[in-house]
Structure formats: structure tokens, C-alpha cells
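See structure below.
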Amino acid sequence: MNRKPVVAFLCIQNSCRSQMAEAFGRHLAEDVFVSRSAGTCPADRINPSAQRLMQDMYGIDMEKEGQFPKKLEDLSAVDMVVTMGCGVRCPVLPGVKTLAWEIPDPAGKPDPEFRSIMETIRAQVLALRNQLKGAGTK
């Protein structure tokens, strides 16, 4: 059976970077992979700046689309893990292919810097899409 791989974007709080990556994955790469996100110590809600800027810049309402901070143990089986740059505390799933994206945390940053980091995440998701598509993964 040929199925799309499941990619999980992981960080500690699952409130900002990993949530944006999940949303970009759903909107830009759903033809190639299934997007999920989770964290080891999830926050109560998605970062308000991430929510606002994703809506303003891309028309993506993460909460309306059903996104919320999730625990790592709540993830179903995944094929690939992408850590978002949270250093040695980043969650790891043994036996699963892992990519480490060293992306600074935009939480608390002014909007121009936040948007720049958001664009970095968007570009990384598109690059991953192209890499997996080029590898013949569907």
C-alpha cells in the first residue's frame, strides 16, 4: 500500500514553531505528507502572535482548523520527526527518522522578526515537501 508519510513537528510547548509548521504542512504539502505536531510540555493554547500572523499573512486560522497544543504521547505512529531547534530538551522518538531544524523561537519577538521566522518555517516545510516528493515518497 502506498501511503503518505506522517511528519511530526516537535518542540517543548507545541504552541508556536511546531504549530506553524503543522499548518504550513497541511496547506502546502498535503499532497506529499501528513502533518502533525506535539510537545513534551504543551502550553494551554497556541501562541497568540502565531495565531494572528498566520491568519493575517496566509489566511490560516490554526485554531478554527482544529489545531491545539498536543502531548508527544498523544501522537499516533509517525514516519519522520522534525525538531524545531529547542536544543538538548527537544523530544525524540526512538527508531524514527529525525531532522533537526535550528529555528529560533519567535515568541515575544516584535512582528517583523516573528514574520521572518515564520517565513523560515514556511521555506523549510516547502523544502521538505520537495525533498520527500523527489524521493518518490507519496
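Every number in this text was worked out from the coordinates using simple rules, so none of it is lab data. This one's a predicted model, so the numbers in the text were calculated from it and none came from an experiment. Because the Cβ atoms are built from the backbone with ideal geometry, glycine has one as well, and the counts that use them run over all protein chains shown.
Taking the stretch 24-46, which residues are in a loop (DSSP other than H, G, I, E, B) and not hydrophobic (A, V, I, L, M, F, W, C)?
Glu30, Asp31, Thr40, Pro42, Asp44, Arg45, listed by residue number.
Yes/no per residue for (1) under 12 Å from the mean Cα position of the chain (by Cα); (2) in contact (Cβ under 8 Å) with a residue 40 or more places away in the chain:
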| residue | (1), (2) |
| --- | --- |
| Lys4 | no, yes |
| Val34 | yes, no |
| Met62 | yes, yes |
| Pro69 | yes, yes |
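Got a number for residues in the stretch 48-74 being out of contact with any strand residue (DSSP E or B) (no Cβ under 7 Å at 6 or more places or on another chain), surrounded by 15 or more Cβ atoms within 10 Å (Cβ to Cβ) and assigned to a helix (DSSP H, G or I)?
The qualifying residues number 6.
Taking the options Ala21, Ala8, name whichever one is buried (at least 19 other Cβ atoms within 10 Å of the Cβ) and part of a strand (DSSP E or B).
Sole residue among the options that is buried (at least 19 other Cβ atoms within 10 Å of the Cβ) and part of a strand (DSSP E or B): Ala8.
For the stretch 121-128, check the following and say yes or no: at least one residue is farther than 17 Å from Ala8 by Cα, surrounded by 16 or more Cβ atoms within 10 Å (Cβ to Cβ), out of contact with any helix residue (DSSP H, G or I) (no Cβ under 6 Å at 6 or more places or on another chain) and not aliphatic (A, V, I, L, M).
Among the residues of the stretch 121-128, not one is farther than 17 Å from Ala8 by Cα, surrounded by 16 or more Cβ atoms within 10 Å (Cβ to Cβ), out of contact with any helix residue (DSSP H, G or I) (no Cβ under 6 Å at 6 or more places or on another chain) and not aliphatic (A, V, I, L, M), which makes the answer no.
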